[in-house]
Amino acid sequence: MDGLQKFIENDSHEFPDWMNHSRESSLKKYKEVCPKHLKNATWKNTKLNEMLNDFFEKEFSVQQSTLDNIDLKSNLDNSLTIYFHAGVFFTKEEIPSYIKLLNHKYLEENQSIFGLEDRSERQSIPYLLNNIVSRDALMIDTAVNQNVERLIHIVYLPNQNGNVAPRLNINVSENSSIKIIEEHLQSKNSIINHCIDINCEATSSLEYYKVNHRQNDSYLISNLNLNQEEDTDVKIFNLDLGADSGSSLNHLKLNGENSNVACSTLFMPSDHRSSHQNVVIDHLSDKSSSSVNFRGVINDEATGSFFGKVRVAKERRGTSAFMQNKNLLLSDESKISTVPILEIYNDDTECSHSATSGSLDKEKLFYLKTRGINENDAKDFLIKSFIDELASQIKSRRLRDYVNEIIAGNYKV
Amino acid sequence: MSNILSIKDLYVDVGDTSIVNGLNLKISSGETHAIMGPNGSGKSTLAKAIAGHPDYKIQSGKITYMGNDLSALSIEERSNLGVFLGFQYPIEIPGLSNTAFLKAAINAKRKYHGMDELSASEFLVDLKEKSKMMDIEQSFLSRGVNEGFSGGEKKRNEILQMLMLEPTLSILDETDSGLDIDSMKVVASGVNAFRNKKTASLIITHYERLLNYITPDYVHVFHDGAIIKTGDIQLAKDLEERGYEWLTNP
Ligand SMILES: Nc1ncnc2c1ncn2[C@@H]1O[C@H](COP(=O)(O)OP(=O)(O)OP(=O)(O)O)[C@@H](O)[C@H]1O
Ligand SMILES: [Mg+2]
């Protein structure tokens, strides 16, 4: 933790007092919660503190790499692309009124984004860390009844020795809708600490996608907090290709009647990477429904894990909760662990959960081969079909194609 | 008439158990052979050993297919050279559509024989015609391979695959079990459409019923991993009436 201390002390940027204060109190809190939190399932197999220390001990002049040789071209036509590099968000376009980039200009009114008060998740490792090291935040706040037609594409450009700590705050206002895709391009020797808070007001809808490309010698901590009011519909799809040590935490709260969330993740670590997936769903209101679908494809010496928990309080009626985790192990050295938990305290809930892990099915391979298909193609078909069962659920055709293309370029049999 | 399959003194093990025990069989082009035998006598084991399943190990003896020693060929090579196995329990592969699967299979065979890929339109015309013949709706073809298919639909889908792949030797493992009369007729018409001077079939069945539609040239009785009696359609009728007892426990 001395590394983080040193980082704050050496940061040459002039922050307003409240921000300096927030950073320091976050560090204090971080030191306080660490001993306890690092023992829990999410972090115990990671070397978080060693990693952070090593990383933040060093001088930060190196990370001011230039953008000169980076091609700022979105491969998603017609989307509004916002980039993130060297700690700041920027775009080449005119920023519409519902989007705000802090650009280091922390205002009094932004304080609540970094506040630690009243919310337990704000006192978690990812948030505290993000409070300490982040430099910029992006806010999206749609207008009431606004249907944002353009896809918002947020691109985290490649880094070397980068401290990549974006903070996002999204409010989907009443009866509005929006589609967002975030994409972390490949970095090296970096720490990515991504925190996003999403609030969906009544009768709003959101499609949220996140792609984490393969990270090299990097640490990834990704955190999503979602709150949904009544009659809201949220679809989340994550693709995670792994980092040296990668953890994703999703906390989804269904806080209004008829709020529905579908959260799918495809995690595919290879080589010696890891991808640890955590999802917690809280059904805080009646008639809320959740569908969690996580699939892991673990190759080489990679490690994956799934931890999923659905909680339905005693007094909640008419909820439905579905949770599934399926994993495919592609090599003898690959590892997976899966823990699905349903904490349901009443009978008026329709729920199911299942978890399976295994290597490619021998009988399926045999069947394909008896039809003349060779070993490699047969394996390829089976992996693809496993992936496709999940990816085909992506609602937007264009994003489905986009995600499929990324997947295709990222696995080998 | 040329020799298609010749099995000589074959022993096949599953794990440590010998399941096929000294089997001899010769099948020539144009012929249809039926194998009948009690449950667990090793019929599927024989079929899988011919197709090349890695768990079914040939301990001794030899299987020769069109002059090739089968044990020297991979599973896919056997298929590409014209061996087809219709599964007793067809496998479901969700996420891989029947159409994509069939196309890959056909093109794998063409590639093996140094031919160009089949054009999309030629493929679709062929598929449409044959799936109609097998009474399989177009909408089924875009579903995952056998995914959610009923027992009978799976069996008809096996025959569709056979018709699309145009094999030389077709081994059908209980393709008739679980079929209603209409499906049985459909399957039989598919098999009959496949029969000609150059092809041969080996039909594994428990019922004489199917053999009324597909008249076999030979009927073999299988017991404890070997053929204990060979006859014609009359033998199947006798078995239907008297069971296996009179042969196995004379
Ligand atoms: N993969 C396997 N592992 C263990 N035992 C096996 C395996 N496959 C077959 N056997 C055993 O070998 C014997 C023959 O099985 P096989 O499936 O060949 O019989 P069959 O004649 O096809 O029977 P049925 O008429 O019921 O289909 C059985 O005792 C079966 O339990
Ligand atoms: Mg059998």
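The values are calculated or read from the model by the stated rules, or taken from the named source; none is laboratory data. Nothing here was measured: the structure is a model prediction, and the numbers come from that model. Please note: Cβ atoms are built from the backbone with ideal geometry, for glycine as well, and neighbour counts cover all protein chains shown. All accessible areas refer to the heavy atoms of the entire protein, side chains included, with ligands and DNA or RNA removed. Shrake-Rupley method; radii C 1.70, N 1.55, O 1.52, S 1.80 Å.
Only one entry in A:158, A:126 is within 30 Å of residue A:30 (Cα to Cα) and assigned to a helix (DSSP H, G or I), namely A:126. Candidates in region A:379-394 are the residues that are more than 26 Å from residue A:236 (Cβ to Cβ) and more than 8 Å from chain B (Cβ to nearest Cβ); of these, the one that is farthest from the chain's Cα centre (by Cα) is A:379.
Condition check ((1) surrounded by fewer than 20 Cβ atoms within 10 Å (Cβ to Cβ); (2) among the charged types (D, E, K, R)) across all residues:
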{"position": "A:345", "(1), (2)": "yes, no"}
{"position": "A:358", "(1), (2)": "yes, no"}
{"position": "A:371", "(1), (2)": "no, yes"}
{"position": "A:381", "(1), (2)": "no, no"}
{"position": "A:397", "(1), (2)": "yes, yes"}
{"position": "A:401", "(1), (2)": "yes, yes"}
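May I ask you to list the residues in region A:365-376 that are facing chain B (nearest Cβ under 7 Å) and not basic (Lys, Arg)? Those that are facing chain B (nearest Cβ under 7 Å) and not basic (Lys, Arg): A:366, A:367, A:370, A:372, A:373, A:374. Looking across region B:29-51 at every residue that is more than 12 Å from ligand 2 (Cβ to nearest atom) and away from every other protein chain (no Cβ under 14 Å), the one that is surrounded by the fewest Cβ atoms within 10 Å (Cβ to Cβ) is identified as B:30. Here residue B:232 passes the criteria (1) free of Cβ contacts under 8 Å to residues at least 40 places away in the same chain; (2) within 16 Å of ligand 1 (Cβ to nearest atom) except the one numbered (2).
Note on region B:147-202: residues that are away from chain A (no Cβ under 14 Å), away from ligand 1 (no atom under 16 Å from the Cβ), buried (at least 16 other Cβ atoms within 10 Å of the Cβ) and not charged (D, E, K, R) amount to 13. Would you mind stating whether residue B:26 is within 15 Å of residue B:220 (Cα to Cα), charged (D, E, K, R), more than 14 Å from chain A (Cβ to nearest Cβ) and within 15 Å of ligand 2 (Cβ to nearest atom)? Judged against the criteria, residue B:26 is not a match.
Going through (1) part of a loop (DSSP other than H, G, I, E, B); (2) within 16 Å of ligand 2 (Cβ to nearest atom) one by one, residue B:54 falls short only on (2).
In the set (1) open to solvent by 10 Å² or more (accessible area, probe 1.4 Å); (2) away from chain A (no Cβ under 14 Å); (3) within 16 Å of ligand 1 (Cβ to nearest atom), residue B:67 fails one condition alone, (3). Scanning region B:104-137 for residues that are open to solvent by 70 Å² or more (accessible area, probe 1.4 Å) and within 13 Å of chain A (Cβ to nearest Cβ) gives B:111, B:112, B:113, B:115. The residues of region B:52-64 that are of a type in the set (Gly, Ala, Ser) and within 14 Å of another protein chain (Cβ to nearest Cβ) amount to a single one, B:52.
In the set B:83, B:20, B:12, which member is among the β-branched types (Val, Ile, Thr), buried (at least 21 other Cβ atoms within 10 Å of the Cβ) and within 22 Å of residue B:154 (Cβ to Cβ)? Even if it seems obvious, please write down each step before you answer.
Values: B:20 fails: within 22 Å of residue B:154 (Cβ to Cβ); B:12 fails: within 22 Å of residue B:154 (Cβ to Cβ).
Result: B:83 is the single residue among B:83, B:20, B:12 that is among the β-branched types (Val, Ile, Thr), buried (at least 21 other Cβ atoms within 10 Å of the Cβ) and within 22 Å of residue B:154 (Cβ to Cβ).
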